[in-house]
Structure formats: C-alpha cells, structure tokens
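Colleague: Following this message is one structure expressed as structure tokens.
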Amino acid sequence: MKATLALSIAALGFTVLSQAAHADTDTYADKAINQAYSAPSTLTRAEVQADLALWQRAGLEAAAGRESFDPTRPDIASRLAQYKQWRSGSEYRNELARLQDKSMTAQAPSSRMAN
C-alpha cells in the first residue's frame, strides 16, 4: 500500500514538473496568440467577416494554413501587401457596408401580411 501511494505521489510530482517545464518553452508568438485569444474583442461580426473576406480575396487563406508559411517569400509578401492596402482602404469599408446591408436586409421584417 505504501509503495503504491509513493508511486502515485511520484507520478503526480513528475506530471506537475513536466507541465511547469513546458510552460517555460512558450515562444513569443505563443504568448501573443494566447493573449489575443484571452482578450475580449471589440470588433463586430461584420468587421471580422469583412476582414476575412479581404484576407481570402488576397489568396492568403491557403498560404497561412501551411506550417511553411513564410511572409518574406516574394509571392506571400506581395499578397500581404495587397491585403494590407485593401484593409486600410476603401475596399474594407465597401466590404463592411455590403455585409452590414446584407445583415440589415436579413433582419428586416417581411412586408407581406398574413391573410
């Protein structure tokens, strides 16, 4: 019984120590991502959807999903530059307005009267 208890305590201690060691290996990017996901967003659904639409239109969705994503590669760099230009310009505002109009149309009550 004492041997089983000692073995269980040792296993628990090893688990705690291995988790603590792993926590120290987080990269700067891991910490930034965790911080971004833990902070509440102030963006509206339409703003997020507009941003995503531009990201996809720039052709970055498939590229960013790969482990080999390299923003310094010329083809990726040009797509990122295009996305940033669209995101800070009228393309974003137009896409946002389109999505908001679409949302308002979907929420509008039907003009038909029930007989």
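The values are calculated or read from the model by the stated rules, or taken from the named source; none is laboratory data. Computed from a predicted structure; not experimentally measured. Don't worry about glycine lacking a Cβ; one is built from the backbone with ideal geometry, like all the others, and counts go over all protein chains shown.
Colleague: Please state which of the following conditions A29 fails to meet, knowing it meets all the rest: (1) modelled with pLDDT of 65 or more; (2) part of a helix (DSSP H, G or I).
Modeller: (1)
Colleague: Scan region 97-115 and report the pairs whose first residue is under 15 Å from Q49 (Cβ atoms) and whose second residue is in a helix (DSSP H, G or I) and modelled with pLDDT of 75 or more, with Cβ atoms within less than 6 Å and a gap of 6+ or a chain change.
Modeller: L99/A46; L99/Q49; L99/A50; Q100/A46
Colleague: Out of all the residues in region 53-81, which are assigned to a loop (DSSP other than H, G, I, E, B) and either of a type in the set (V, I, T) or touching a residue at least 24 places away in the same chain (Cβ under 8 Å) (or both)?
Modeller: A58, T72
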